[in-house]
Every structure is written in structure tokens, then in C-alpha cells.
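Here the structure comes first, spelled out in C-alpha cells, and everything after it is commentary.
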Amino acid sequence: MAHPARHSAMVSVSNSAANHSNASDKQQPPQQIQHIANTGLRVPSNRKTIYDRHLNRSRNAESSRASFAFLFAEMVIYAQRRVTGIQDLEKRLNEQGYPLGLRLLDLLYYRTITSSTSSSISSSSTSAAPPNRPLRILPLLHLIHGPLWRLLFNRPADALEHSVSPDTPNEYMITDNDPLVNTYISVPKEMSMLNCAAFVAGIIEGVCDGCGFEAKVTAHNQPTEMWPGRTIFLVRFGESVMEREKVLERAGIK
Amino acid sequence: MSYYFTILSSTDVPLFNIAFGTSKGGGDGIARFRFPDTAQYMNQFIIHSSLDIVEEAQWMNGNLYLKHIDTYPPASAYISAFLAPSGARFLLLHQPPQLPSTSSTGSGSSSILGASFSASALGGGSSSRASSSSIGANPTSPQTEEAVRQFMNEVYENYVKTVMSPFYRQGMEIKSPVFRSRVTAAGRKWL
């Protein structure tokens, strides 16, 4: 990075070095810049940074359900501080999940690219060897319903539906009969509307947004006799997405 | 061949940029742009002006690597794009070396001629230092596309590692010196 010589002809090189070293570094002689850059970063004793770890190493590893339940309980408690109501609490949980969705999307694709053998991640929706970015709504929802759910919960979601009402063609529903995040949460009676799977809704929202599909995702309780914890994730796509969808449909892009 | 690589967030914020030269065919890895006085800002300008085409191309095909998408003939700058699934754009500007025979006035047509000439006469430029490698001379050849694809994939791997760090938020500038050295290494390996 920091080259010892800085000729006027090498504008671009000195530019990149200057970008990376901060203002106080600039006054130092060039050979010290490198030194500072090396020591400014704290590296573990075995000199391994996150860049030395392989992203697929923990691919089949599972985290303990107990520690997840504990962590998630703490997250809910944290989100509950100074909230004005259930909607506010759900919004906060949603915001906690959102950045996770953006990250998972990159990780999911990286793992699909690098897996040479057809793994559990590649499903019918992403059968081709190099996975494609979803361009239309349906491939995106299949991505969430299948590979994303499998990455998170080790199984696909239970149902994927399109709103039947003609007034809301932009609404889709993803159903999970027994969401893992709610397994150890019992909601008090006065907060019966609350569904802590709003966190998962945030993850879905992050994935949609990352792919370029502006959407609002909310989690709703819809218990049945067999599945008392059944949750519906309502995905509402924005106006711009629906417009693009029409244009792409006319262009014949799948 | 000289390269300028930049990562833009989904909201067009520059997250990372680096300039480097080819290391293939005896290159020393130092960027020598055709117009060194203006390269610093012109490269950014050219790269950003290709964003319109990226945004058009991104809904036409679902690949992550969009290949060579734009050319700016006056500087004979070729731009290749790669889209990370979460919306970040990786853009690589590559500029083949100018052969000594072409005049340095740099009008558009002579640059194009220079590029095609250098492609046909591989290894002809005796004095140009970093030219005429296997991928160097012709920026739109399949070999170049493949090399850029490999480069992009390697950068993508490191980008995912950056993004997975809990201290990184979407849209933050990537300052890690390790990341920079990884990108430099990828450039040395493939370009």
C-alpha cells in the first residue's frame, strides 16, 4: 500500500496511499506510514484476521438453541426499553433484523457460488450453477422461502401465498407454522398483538431491499388449532417495484 | 494495462478505491494512466458516469458479473461491473497501455485505433513496459473477461468477510488495510 517513493508521475498510487493513511500519518516519513498502518490494526496473537478465515468453514455448524434463546430474549428486552407501544417495539425488532438480512444475502450467494457440489442451499429456484440475482418478485420470494429459510432455520418456510384481493396485488404472505424465534417466548395477555418474529420480518425486509425490491414486511399471529404459534409474514412491495415488475414482464424477463 | 477499481454502495457512496497496474508480463503493478495529470479525478468521473448503464443492465440479466459494460473512447477506458447481491457495485476501469507509435494528442479515433492495433500486434510494442501480456492488450477479449471475473470473485469473497464483521454497517467506507492488501494481491494474481 504505502509505497516508499512518491513521484509526481505516480499520482494515482500516492493518492491511494493518502486515502488510506489519515492526516496525522501524512506528516510522517513514508517508511513510517507502513509501520503505523501495521500497528494501528490490532491483530490476534496468531496474526489471523477475519480475512484469513474461510467463510464456508462454519457452514454446516449450528449454534446452540439455548444460547440463541438467551440472546434473543436479551434483544427483546433491549428493544422494549423506552418504547411507547407494541408497534414501536415491533419496529425496533424489525430494525435489528434488517442489517442481518443484507449480510445474509451476501453470505448466501457466496456460499452458493463456492459450493461445487449441489448442496442443500441450492433449491429448485436456484438450480443453475452460478446463481442469479432475482429480477422479478417470484424468484425473490422463492429465494426467501427456500434457501434463506434453510440458512436460518434449516428447513424451508411452510407456505408462500399471493394476496387474493384485487386491491392489494403487491401483498405476498410467507407462513411459518412454528417460528424458531418464538419457541421460548410467551407473550403476556395485554400484549397479545405482539409477535417477536418481527425480527425475522426485518431480516426479510433487508433481503428484499438488498435485492432492490423496496418492501415493508410485518409479522402477524394467525394461530390455528394445530399450530398455535403460526406466524404470517406479510410482504408489501412498494409502488416502484410493481411498476418495474410490469415493465420487466413486458420485456419477457423472468 | 492500468486499472482503477472502486466499490460503490447501493446509494452510490464510494466505499473503497484503488489504482494499480498490471503485474502480468513483467509489469511492476504501478498504474500508468494515459493522462496522469487528470487521471485522479477523470477515472472517478468515468466510472461514475457508467452507473446509468449498470442500472439498466442490472435488470436485464441476473448474473452477478455483468462483464464489460461501458467504454469511454477519449481515454480508451473500459469498464467492467460486478454486482454484489446486496446492492454494492464493484466497478473496474481498465485502460490498455498506449503504444509509442500512436500520437499522444489523444483524440478519440486514434485511441481506438491504438487499442485495436495493440490487440493485433501482440508483443509488437518493444518499449512499452507493461503491455502485451496474455490479457493486457485487448480489453474485450474472452481472456480478459475471465480474468476480471476471477478478480471480482476474489474481491467479493473479501467483501463478504468485511460485511460479516459486526462492526461494519452497510454503506461504511472500507478502511481495513488487510482488505486493501487482499485486493492488491487479487489484482496481482489475475490482472
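The values are calculated or read from the model by the stated rules, or taken from the named source; none is laboratory data. For clarity, every value in this text was computed on a predicted model and none was experimentally measured. FYI the Cβ positions are ideal-geometry reconstructions off the backbone, even for glycines, and counts take in every protein chain you see. Just so you know, the surface numbers come from the protein's heavy atoms only, side chains and all, with ligands and any DNA or RNA stripped out. Shrake-Rupley method; radii C 1.70, N 1.55, O 1.52, S 1.80 Å.
Could you go through the stretch B:54-69 and let me know if any residue there is buried (at least 21 other Cβ atoms within 10 Å of the Cβ) and of a type outside the set (A, V, I, L, M, F, W, C).
No; the residues of the stretch B:54-69 include none that is buried (at least 21 other Cβ atoms within 10 Å of the Cβ) and of a type outside the set (A, V, I, L, M, F, W, C).
Restricting attention to the stretch A:61-86, and to residues there that are open to solvent by 90 Å² or more (accessible area, probe 1.4 Å) and closer than 29 Å to B:Ser9 by Cβ, which single residue is farthest from the other protein chains (Cβ to nearest Cβ)?
A:Tyr78
Of everything in the stretch B:48-92, what is more than 26 Å from A:Arg136 (Cα to Cα), at pLDDT 90 or above and touching a Phe, Trp or Tyr at 6+ places or on another chain (Cβ under 6 Å)? Give them in sequence order.
Matches in the stretch B:48-92: B:Leu92 only.
Could you grab me the full set of residues in the stretch B:44-53 that are under 13 Å from the mean Cα position of the chain (by Cα) and open to solvent by 10 Å² or more (accessible area, probe 1.4 Å)?
Residues satisfying the conditions are B:Gln44, B:His48.
Condition first: more than 14 Å from every other protein chain (Cβ to nearest Cβ) and open to solvent by less than 30 Å² (accessible area, probe 1.4 Å). Now tell me which residues in the stretch A:230-254 satisfy that.
A:Thr231, A:Ile232, A:Phe233, A:Leu234, A:Val235, A:Phe237, A:Gly238 - these are the residues of the stretch A:230-254 that are more than 14 Å from every other protein chain (Cβ to nearest Cβ) and open to solvent by less than 30 Å² (accessible area, probe 1.4 Å).
For every residue, the table says whether it meets (1) at pLDDT 90 or above; (2) surrounded by 16 or more Cβ atoms within 10 Å (Cβ to Cβ); (3) under 21 Å from the mean Cα position of the chain (by Cα).
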residue	(1), (2), (3)
A:Ala129	no, no, no
A:Ile144	yes, yes, yes
A:Ala157	yes, yes, yes
A:His162	yes, no, no
A:Val187	no, no, no
A:Met193	no, no, no
A:Phe199	yes, yes, yes
A:Cys208	yes, yes, yes
A:Thr218	yes, yes, yes
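Output the qualifying pairs, or none if there are none: Cβ atoms under 8 angstrom, residues six or more apart or on different chains, first residue in the stretch A:170-192 and farther than 30 Å from A:Ile137 by Cα, second residue of a type in the set (Val, Ile, Thr).
Every condition considered, the pairs that remain are A:Ile185/A:Val76; A:Met191/A:Ile86.
Would the stretch A:110-120 turn up any residue that is of a type in the set (D, E, K, R), at pLDDT 85 or above and part of a loop (DSSP other than H, G, I, E, B)?
No, there is no match, as no residue in the stretch A:110-120 is of a type in the set (D, E, K, R), at pLDDT 85 or above and part of a loop (DSSP other than H, G, I, E, B).
Hey, can you tell me all the residues within the stretch B:1-20 that are in contact with a Gly (Cβ under 6 Å, 6 or more places away or on another chain), closer than 19 Å to B:Ala77 by Cβ and either within 9 Å of chain A (Cβ to nearest Cβ) or free of Cβ contacts under 8 Å to residues at least 24 places away in the same chain (or both)?
B:Ser2, B:Phe20
Any chance the stretch A:245-254 includes a residue that's outside any loop (DSSP other than H, G, I, E, B), at pLDDT below 95 and under 13 Å from A:Asn170 (Cβ atoms)?
Start the filter on the stretch A:245-254 by keeping residues that are outside any loop (DSSP other than H, G, I, E, B), which leaves A:245-251.
With the extra rule that they be at pLDDT below 95, the set shrinks to A:245-251.
Keeping just the survivors that are under 13 Å from A:Asn170 (Cβ atoms) gives A:245-246.
Within the stretch A:245-254, one or more residues are outside any loop (DSSP other than H, G, I, E, B), at pLDDT below 95 and under 13 Å from A:Asn170 (Cβ atoms).
From B:Asn61, B:Asn43, grab the single residue that is farther than 16 Å from B:Asn17 by Cβ and not hydrophobic (A, V, I, L, M, F, W, C).
Residue meeting the stated conditions: B:Asn61.
When you go through (1) at pLDDT below 80; (2) facing chain A (nearest Cβ under 10 Å) one by one for B:Lys24, which number turns out not to apply?
Looking at each condition in turn, B:Lys24 falls short on (2).
Looking at the stretch B:158-176, which of the residues that are buried (at least 18 other Cβ atoms within 10 Å of the Cβ) and facing chain A (nearest Cβ under 7 Å) is nearest to B:Gly87 (Cα to Cα)?
B:Gln170
Would you check which residues across the stretch A:226-238 are in contact (Cβ under 8 Å) with a residue 60 or more places away in the chain and not in a loop (DSSP other than H, G, I, E, B) and list them?
Across the stretch A:226-238, the qualifying residues are A:Phe233, A:Leu234, A:Val235, A:Arg236, A:Phe237.
Any residue at all in the stretch A:87-101 that is within 11 Å of chain B (Cβ to nearest Cβ), assigned to a helix (DSSP H, G or I), in contact with a Gly (Cβ under 6 Å, 6 or more places away or on another chain) and at pLDDT 80 or above?
Checked against the condition, which is being within 11 Å of chain B (Cβ to nearest Cβ), assigned to a helix (DSSP H, G or I), in contact with a Gly (Cβ under 6 Å, 6 or more places away or on another chain) and at pLDDT 80 or above, the stretch A:87-101 yields at least one hit.
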